[in-house]
Amino acid sequence: MHGASGLLPGTLEMLILRILLRDALHGYAIAQRLKDISRDVLQVGESSLYPALQRLLLNGYVEAEWRPSENNRRARYYSLTPAGRKQLVAEREEFDRLVAAIRRILQTA
Amino acid sequence: MRSLLRRLRARIRYRRFDSDLAEEMEFHRAMKQRELERAGLTENEATVQSRREMGSVTLARERSREIWIAVWLDSLQQDVRYALRSLGGQPGSTIAAGTVLVLGIGLNTSLFTFFNAVALRPWSVADPGSVVTAHYVHSSASGRGTSGFGIAEYRYLNDHARTFSGLIAWRQSGARLGHEEIEGQTPFSFVSGNYFDVLGVHMLYGRGFLPDEDRVGNPQGVAVISHGLWERHFAADTAIVGRVFRVDNVPFTIVGVAPQMFDGTERPNAQSFWLPLASLPLLSADPAQAVSLLTNPSHCCSRMAGRLAEGVTREQARAELEVLSRQFRTQWNEQALKNAPLVLSGTAFLAQPGVKASLIPILALMFAAVMLVLLLACANVGNLLLARALARQREFAIRLSLGASRRRVVRQLLTEGLMLSCSAGTIGLLVAYALPALLLRAVIDDEVPSGIAPDARVVVFTLGIAALACLLFGLAPALKATQAAMETLVARREVTRTGRRLRSALLAAQLALSVILLASASLLVRGVQQAQTQDPGFQVDDVFVVSLAFPGQAYDQARGRAFVSELHTALKADDSFGSVAVTNTVPLGNTRNMTSFRLPGEDEKQSRMIQMESVSPEYFTVLRIPVVAGRHLDATDRPGGAITINEAMARRYWPDGSPIGQTIVFRDRRREIVGIVRNAHTTGLDTVEPVYYELTAGEPSTRLLLRSRTSDPTPRVQALVSGLDNRVTVQARPLATYRDRSLEPSRVMALTAGAVGLLALLLASVGVFGVFSYVVNERTREIGIRMAIGARASQVIWLVLDSTAWATLGGLAGGFLASFVVSRFLTGQLYGVSRLDPTAYAMVATVLTLAATLATWLPARRATRVDPATALRVE
C-alpha cells in the first residue's frame, strides 16, 4: 500500500508505537531507529512515515510537542499516550496471532 | 465514543497540522543533510541529495491531509477555491460561457416553470389530493371527447352520492365589466352554492356563497371576486365587501374576495369572479332558456368535481357516480349520453382526460426546442472549455507529474464546470421568476394564472439541468485535456493538435442544432405571413364592426331589438356608409355559435354539431361573400325559414348531389337550403369549418357590420346612436383589428420561435468563431512556415477552412435532414405553407451563410496576417 516498505497495512503504526514506548522521539529519529533496529531491512519513506504519525496523532495514540533538539533546532517530539499503550498491546496480540497463522499455513499447507 | 472524543481533542489540538508538518519535514531534511555532510559530501551536494532522498514532500503532505480532513470535503473546498481562481483568471471567456449557459438554462427553467404552474400543479384548494374532476368520455369518428354534466343531473348526483363529501359544478363564462370597453370579456364562472365550502377555499375578505344564494328561481345578485380583480379593478379596497359592480350592466354585490392563490377551477384559465349558478337568468338575454338550462335534465356540459369522502377510493366513487347517473337518466328517459363511461381524474390540468393527448405534442415540441438551445449552449461552452483546457495542458502535466491522479484533475475541471453551470442555474432561476409571468402578461390581457413562479419542483429541475449541462460540456474536454497532458508527459513536448475530432463533432452538432431551430422558426414565420396575406374569403378593408352596450335593466330584449332595427335603418339611410348588416358574431371575433342539426330521416342520436351564423341579408354584401349556387338570403325570407350553407358544409354532407332544395332539421324544424356561399374564413384562418347561415330574428344582437366610405366612421355612428338614445354606448372598429387579433397566438409563436432561432444562430456563430480562432492559433507556426515559403493568402484561408470543412458540411446536412423530420410537427401552424417551403429554407441558408462568413472571416483574416518571423518564434 503506502510507500515501498512492503509492510502490512497498520504494521508501521504498531512499530512506531513500539519505538516510542521507550522515549519520546522526533520523526527523523523514528525513521533512523526503525532502520537501525531492523538492520536496514525496513527503510520507511517519509511519505509513509509522516501520514502514519498523523494517523496516530488523530487517533490520540501519540502526542506531539515542539522542543529544541540535540542540535538546538526546533523539532517535534512524539510520545505515547495511555491510549497508545493500550493500542500497542492490542495490536501486538493481533499481530502475533496473524504471524502464527501465516506460519502455520507456510509449514503445513 | 471515547475514541471519538479523543479524535476531537486531537483535531482541536493539532489544528495547525499543515504548517507543523511542513516545518517538521524540513527539520527531517536538515537532519538528513547533516548526516550526508558528515559522510563527506559538500553542503550543496548534501542539500540536493537530501532533497532527492526525501522524495515527494507534497505527496506526504497530501496524504497527511487526507487523514485529517474527510478527504473529499477538503479537496472539494480546494477544488472550489481553485476553480474560482481559474474562472476569475479569464473573466472574458468565463462571462461568455456563463452568459451562454444562463440563456440555455434560463430558457429551459422558464418553460418548465410555466408548464409546472399551468399543467402539473393541482388546484390551489385545501387537500387537493382528495378532489377529483368527473367527465363523461365518448369516442366518435373524430376522436375521443369528454363532456360534462347537466346542472339538474349534478343536483341529483350531489343529493345522492355517498362516496363524496361534496360535489360541485360550474360553468365557465365571460362578461363585460363596467369599466371595460365593449369587446371586453372577463372570464368568470357560475358555480354551485357549495363551491367554496367543498373546495375549502377561505376568503381573504367576506364569505363564500350561502346555500340560499343558489336556489333556482330565486337568483341573487351576489359575487365573489378574485384577488387579481380586486387589485386591478378595485384598487385593493379593504372595505370591498358589500360594494356593487356591474357585470354586463347587471348589478352584483360583492360578498367575498378569494385568496391570491385561488384562480378558479378552469386552469390554465384564471377566473376573475364567481357567481352562483342560479344567477344565470340574470345575465341571460333569454331568462326562460337560462332557467331551462338549470332545470332541464337534457342539458349538459357543466363541469363537475367533488371531494372524496374519507377512505373512499376513486374507483368506488366512480362506480357510484355511474350507477347514480344511469338512475337519473332512466328516471328522465334521457338518452343523450347513452352509455358513455365516466372517468374521475385529478385536478391538475394535465390530468384531465384528453388534455394529455393534445398538450403533450405541443409541449414536447417546445421542450425539444429549448433543449436544443441548451445542447447548443453546452456544445459551445464545451468548445470554449476544451480550448481553455488544452491551453492549460502544461499545468495539468505538472500537476500529474507531482503525483495528482488523473481522476483528481478531471474532477477539478468538472468542479469548474459545475460552478459555472450552478451559477448559471441560479441566474436561470431568477430569469424563470420573471420571464414566464412577463411573457404571459404580454400575451394575455386579463387575469394571469396565479403562482407562475418557480417552486421546489422547478428548483430540482434546474439543478438537474445544470448538472446535466455540466457533464455535457465539462466531461469531454476534461478527459481530453488530461489525456493530452499525459501524452505531454510521455512525449516531453506539448501535444498541440489534439481534441480535434471532439471539436469537429461539437462544431457539427452546433450547426445541425441551429439549422433545426432556424428552419422551424422560419417555417412558422412563413406560416404567419401566409395567414396574413391570404384571401380570407371575405373583404376586410373598409369594413367596420359597430358594437353597442345598452344601459342595463332599462333595455329588455324587445327594446334592444327595436333599437338595433332603428339604428340599422338610420345607418342605411346615411350617405357615409355603404351597406350595413346585423350579425350575432363578428368574423374572426373569437366567438362561435354552435348548434346541432340532423338530416331528415335520421334520429336524434345522429345529431351533429355545426356552426351557425344569424345574420341580416346584407351580411354577404358587406363582406362580399359571393353565392356559388342557388341564391343568397334576401328580404323575402323569414327568420326560422330558409338557410344557406357554405361550400365546406355542402362538400361534407352532400358530397355527391346538390344540397339546394334539401332540408336539415334544426330544433325539430325543417329548414330548406336555398343557396351555397363561398367558403370564408370567418371563424379562423386555418381551415374553413362547415357553417350555415340563417336570417337573424333580431335577437338582441348588439353588432352591426358596415362598409364605410370614410376612414373613421365613429363620429357619424356616435351621432346617430345618440340621436336615438344617448344612454347607449357605441364603438366602431375596423374589421382588420379582429383579423390581426386572431393571428396573435400564431404571431407570438412565430416570434418566440424566431427569437429562439436567432439565439441559436448567435450561439452557433460564436461557436464557429471560437473553433476557427482556435484552429488559426493552433496552426500559427504552420501557417507562418507556409507563408514564408510563399503560400498565398487564399491558400492559407483554405487551409483553415479545410480543417473544419467536413464538420461544417456534415452539420449542415444533418441539420437540414433533421428539420425535414421536425417540421412534420409544425404543420398545424403553417396555414397551408408546405413544410418543405423553399422560401423558408432559402432564408435559413442565407442567414447561415452570412453568419458563417462573418464567423470565419475574422479568424481567417488573422491567419493571412500571420508574420512568418513571429510565427516561428512562437515556440
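Keeping to segment B:144-187, report how many residues are at pLDDT 90 or above, within 23 Å of B:ARG267 (Cα to Cα) and crowded, with 22+ Cβ neighbours inside 10 Å.
6
Residues that are aliphatic (A, V, I, L, M) and touching a Leu at 6+ places or on another chain (Cβ under 7 Å), at least 1 per element: which strands (runs of 3 or more DSSP E) completely within segment B:173-291 meet that?
Details: elements: B:186-191, B:222-225, B:244-247, B:250-257, B:273-276.
The qualifying strands (runs of 3 or more DSSP E) are B:186-191, B:222-225, B:244-247, B:250-257.
Please work out which one of (1) in a helix (DSSP H, G or I); (2) facing chain B (nearest Cβ under 8 Å); (3) closer than 13 Å to B:MET25 by Cα is the condition A:ALA83 fails and give its number.
Of everything listed in (1) in a helix (DSSP H, G or I); (2) facing chain B (nearest Cβ under 8 Å); (3) closer than 13 Å to B:MET25 by Cα, A:ALA83 misses just condition (3).
Failed condition for B:LEU283, given (1) in contact (Cβ under 8 Å) with a residue 60 or more places away in the chain; (2) among the aliphatic types (A, V, I, L, M); (3) surrounded by fewer than 19 Cβ atoms within 10 Å (Cβ to Cβ), with all others met?
Result: B:LEU283 passes all but (3).
What tally of residues in segment A:21-62 results from selecting those that are in a loop (DSSP other than H, G, I, E, B) and either of a type outside the set (A, V, I, L, M, F, W, C) or touching a residue at least 24 places away in the same chain (Cβ under 8 Å) (or both)?
Qualifying residue count for the region: 13.
Please state which one of B:ARG733, B:ARG727 is open to solvent by less than 50 Å² (accessible area, probe 1.4 Å) and not in a helix (DSSP H, G or I). Steps first, please.
On the way: B:ARG727 fails: open to solvent by less than 50 Å² (accessible area, probe 1.4 Å).
From the options B:ARG733, B:ARG727, the qualifying one is B:ARG733.
Out of B:ARG34, B:ARG11, B:ARG7, which single residue is open to solvent by 60 Å² or more (accessible area, probe 1.4 Å), modelled with pLDDT of 85 or more, facing chain A (nearest Cβ under 8 Å) and assigned to a helix (DSSP H, G or I)?
Details: B:ARG11 fails: modelled with pLDDT of 85 or more; B:ARG7 fails: modelled with pLDDT of 85 or more.
Exactly one of B:ARG34, B:ARG11, B:ARG7 is open to solvent by 60 Å² or more (accessible area, probe 1.4 Å), modelled with pLDDT of 85 or more, facing chain A (nearest Cβ under 8 Å) and assigned to a helix (DSSP H, G or I), namely B:ARG34.
Would you check if A:LEU42 is within 25 Å of B:GLU62 (Cα to Cα) and away from chain B (no Cβ under 14 Å)?
In short, yes.
Pull up segment B:717-743, narrow it to residues that are closer than 19 Å to B:HIS681 by Cβ and of a type in the set (A, V, I, L, M), then point me to the one that is farthest from the chain's Cα centre (by Cα). Spell out the reasoning first.
Kept after step one, since they are closer than 19 Å to B:HIS681 by Cβ, are these residues of segment B:717-743: B:733-743.
With the extra rule that they be of a type in the set (A, V, I, L, M), the set shrinks to B:735-736, B:743.
Numbers: B:LEU735: 29, B:ALA736: 27, B:LEU743: 17 Å.
Only one residue tops the list, namely B:LEU735.
Residues are listed down the side, and each one gets a yes or a no for (1) of a type in the set (D, E, K, R); (2) crowded, with 16+ Cβ neighbours inside 10 Å; (3) part of a helix (DSSP H, G or I):
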{"position": "B:ALA319", "(1), (2), (3)": "no, no, yes"}
{"position": "B:VAL323", "(1), (2), (3)": "no, no, yes"}
{"position": "B:ILE362", "(1), (2), (3)": "no, no, yes"}
{"position": "B:CYS378", "(1), (2), (3)": "no, yes, yes"}
{"position": "B:LEU385", "(1), (2), (3)": "no, yes, yes"}
{"position": "B:ARG394", "(1), (2), (3)": "yes, no, yes"}
{"position": "B:ARG399", "(1), (2), (3)": "yes, yes, yes"}
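Name, by its number, the condition in (1) open to solvent by 10 Å² or more (accessible area, probe 1.4 Å); (2) on the phi > 0 side of the Ramachandran plot that does not hold for B:SER292.
If we test B:SER292 against (1) open to solvent by 10 Å² or more (accessible area, probe 1.4 Å); (2) on the phi > 0 side of the Ramachandran plot, just (2) comes out false.
Each row is one residue, and each column tells you yes or no for (1) in a helix (DSSP H, G or I); (2) free of Cβ contacts under 8 Å to residues at least 12 places away in the same chain; (3) touching an Asp or Glu at 6+ places or on another chain (Cβ under 9 Å); (4) within 18 Å of B:VAL528 (Cβ to Cβ).
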site: B:ALA791; (1), (2), (3), (4): no, yes, no, no
site: B:ILE797; (1), (2), (3), (4): yes, no, no, no
site: B:ASP802; (1), (2), (3), (4): yes, yes, no, no
site: B:LEU812; (1), (2), (3), (4): yes, no, no, no
site: B:PHE820; (1), (2), (3), (4): yes, no, no, no
site: B:GLY828; (1), (2), (3), (4): yes, no, yes, yes
site: B:TYR841; (1), (2), (3), (4): yes, no, no, yes
site: B:VAL844; (1), (2), (3), (4): yes, no, no, yes
site: B:LEU850; (1), (2), (3), (4): yes, yes, no, no
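So, A:LEU49, is that one buried (at least 17 other Cβ atoms within 10 Å of the Cβ) and away from chain B (no Cβ under 13 Å) or not?
Answer is no for this residue.
With respect to B:THR621, is the statement that it is touching a residue at least 24 places away in the same chain (Cβ under 8 Å), closer than 17 Å to B:VAL582 by Cβ and among the polar types (S, T, N, Q) true?
On the way: touching a residue at least 24 places away in the same chain (Cβ under 8 Å): yes; closer than 17 Å to B:VAL582 by Cβ: yes; among the polar types (S, T, N, Q): yes.
Taking the combined requirement at face value, the residue satisfies it.
Would it be correct to say that A:ARG33 is at pLDDT 85 or above, closer than 21 Å to A:GLU93 by Cβ and either open to solvent by less than 60 Å² (accessible area, probe 1.4 Å) or not hydroxyl-bearing (Ser, Thr, Tyr) (or both)?
no
With the requirement that a residue be aromatic (Phe, Trp, Tyr) and either within 19 Å of B:ARG267 (Cβ to Cβ) or in contact (Cβ under 8 Å) with a residue 40 or more places away in the chain (or both), what does segment B:193-230 give you?
Across segment B:193-230, the qualifying residues are B:TYR195, B:PHE196, B:TYR205, B:PHE209.
Every residue in segment B:763-807 that is closer than 17 Å to B:SER93 by Cβ, modelled with pLDDT of 75 or more and open to solvent by 40 Å² or more (accessible area, probe 1.4 Å), please.
B:VAL766, B:PHE769
Quick grid of which residues meet (1) over 16 Å from B:ILE168 (Cα atoms); (2) of a type in the set (Ser, Thr, Tyr); (3) open to solvent by 20 Å² or more (accessible area, probe 1.4 Å):
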| site | (1), (2), (3) |
| --- | --- |
| B:ASP197 | no, no, yes |
| B:LEU204 | yes, no, yes |
| B:PHE209 | no, no, no |
| B:ASP214 | no, no, no |
| B:ASN218 | yes, no, yes |
| B:GLY221 | yes, no, yes |
| B:PHE234 | yes, no, no |
| B:ASP237 | yes, no, yes |
| B:GLY242 | yes, no, yes |
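Of everything in segment A:86-107, what is open to solvent by less than 90 Å² (accessible area, probe 1.4 Å) and either more than 17 Å from the chain's Cα centre (by Cα) or within 14 Å of another protein chain (Cβ to nearest Cβ) (or both)? Give them in sequence order.
If the condition is that a residue be open to solvent by less than 90 Å² (accessible area, probe 1.4 Å) and either more than 17 Å from the chain's Cα centre (by Cα) or within 14 Å of another protein chain (Cβ to nearest Cβ) (or both), then A:GLN87, A:ALA90, A:LEU98, A:VAL99, A:ALA100, A:ALA101, A:ILE102 are the ones that fit.
Which strands (runs of 3 or more DSSP E) sit wholly inside segment B:576-683 and have at least 2 residues that are small (Gly, Ala, Ser) and open to solvent by less than 30 Å² (accessible area, probe 1.4 Å)? I'd like the intermediate steps shown before the answer.
On the way: elements: B:577-583, B:594-597, B:608-615, B:627-630, B:643-646, B:663-666, B:669-677.
Where strands (runs of 3 or more DSSP E) fall fully within segment B:576-683 and carry at least 2 residues being small (Gly, Ala, Ser) and open to solvent by less than 30 Å² (accessible area, probe 1.4 Å), they are B:577-583.
Output the qualifying pairs, or none if there are none: Cβ atoms under 6 angstrom, residues six or more apart or on different chains, first residue in segment B:452-479 and at pLDDT below 80, second residue exposed (fewer than 15 other Cβ atoms within 10 Å of the Cβ).
Close Cβ pairs satisfying both conditions: none exist.
Out of the residues in segment A:63-74 that are in a strand (DSSP E or B) and at the interface with another protein chain (Cβ under 9 Å from one of its Cβ atoms), which is nearest to B:PHE17 (Cα to Cα)?
Checking each candidate, the answer is A:ALA64.
Collect the residues in segment B:48-57 that are open to solvent by 60 Å² or more (accessible area, probe 1.4 Å) and either facing another protein chain (nearest Cβ under 9 Å) or on the phi > 0 side of the Ramachandran plot (or both), keeping them in residue-number order.
B:GLU53, the sole residue that qualifies.
The values are calculated or read from the model by the stated rules, or taken from the named source; none is laboratory data. Everything quoted here is computed from the prediction, not taken from an experiment. Positions of Cβ are generated from backbone atoms using ideal geometry, with glycine treated the same way; all protein chains shown enter the neighbour counts. The protein model used for the area step is the full one, side chains on, heavy atoms only, and it has no ligands, DNA or RNA in it. Shrake-Rupley method; radii C 1.70, N 1.55, O 1.52, S 1.80 Å.
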